[in-house]
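To start, the structure itself, in structure tokens.
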């Protein structure tokens, strides 16, 4: 059985990149992301900027688990408490009042990044009307000047699983998704990155070992010279 992923994988990964010394591979595996996504966050190259979400504060990780991962690059992080999944009921999605002002930003993000998603799918995912979606698309919305495209997952308007499912269905319907080809490419990229990181770790370990040996030899020579000087005196 696969391990559950954090409630907000990208935001959690962003926090772990900024606040821990865990490897990209460890973070990617824990958050259920591709390692290239995590590396892009670390290099500040990600298309979307995520507000970090502390998994320790949310109860999904413990500091002891993070420290164990930092001490051993091969250690696999274990979730302390899986996020609670809430089953959906029929009817429009309820959005807390504090989040409703964020809906236009989330809608704009989907329209910009996933144009294949239909208005009906956006409405069901975000909990909005087709009129609102159309107004944001044609920039006739009353507040269009203040709308900024932001990831609806980061805004808390939907879960990553829900967004991924909607995008996958829309892409499949539009004939845009080549699952086998994508998996093969991602697999090749992942293996290449793993090999590169492993080579870097081995090179660092070798350099540290050589430095320690050189220091030991230098200390031995210094002690020998000191002993010879004392004998001559």
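Of note:
- Three-way shape label, the stretch 105-154, alpha-carbon gyration tensor, a/c 1.5: oblate
- In this rough spin-label picture, where each label sits 7 Å from Cα along the Cβ direction, the residue 208-residue 139 distance is 5.4 nm.
- Of the peptides 215-223, 163-171, the order by per-residue mean of other Cβ atoms within 10 Å, starting with the highest, comes out as 163-171, 215-223.
- Each label was represented as a point 7 Å from its Cα along the Cα-to-Cβ direction; for residue 36 and residue 62 these points are 3.7 nm apart.
- Here the spin labels are modelled as points 7 Å beyond Cα on the Cα-Cβ line, and at residue 228 and residue 124 they lie 8.5 nm apart.
- Counting neighbouring beta carbons within 10 Å and listing from fewest to most, the residues 27, 136 come out as 136, 27.
Each reported figure results from applying straightforward, stated rules to the coordinates on display, with no laboratory input. Just so it is clear, the structure is predicted and the values come from calculations on it, not from any experiment. Virtual Cβ from ideal backbone geometry, glycine too; neighbours counted across all protein chains shown.
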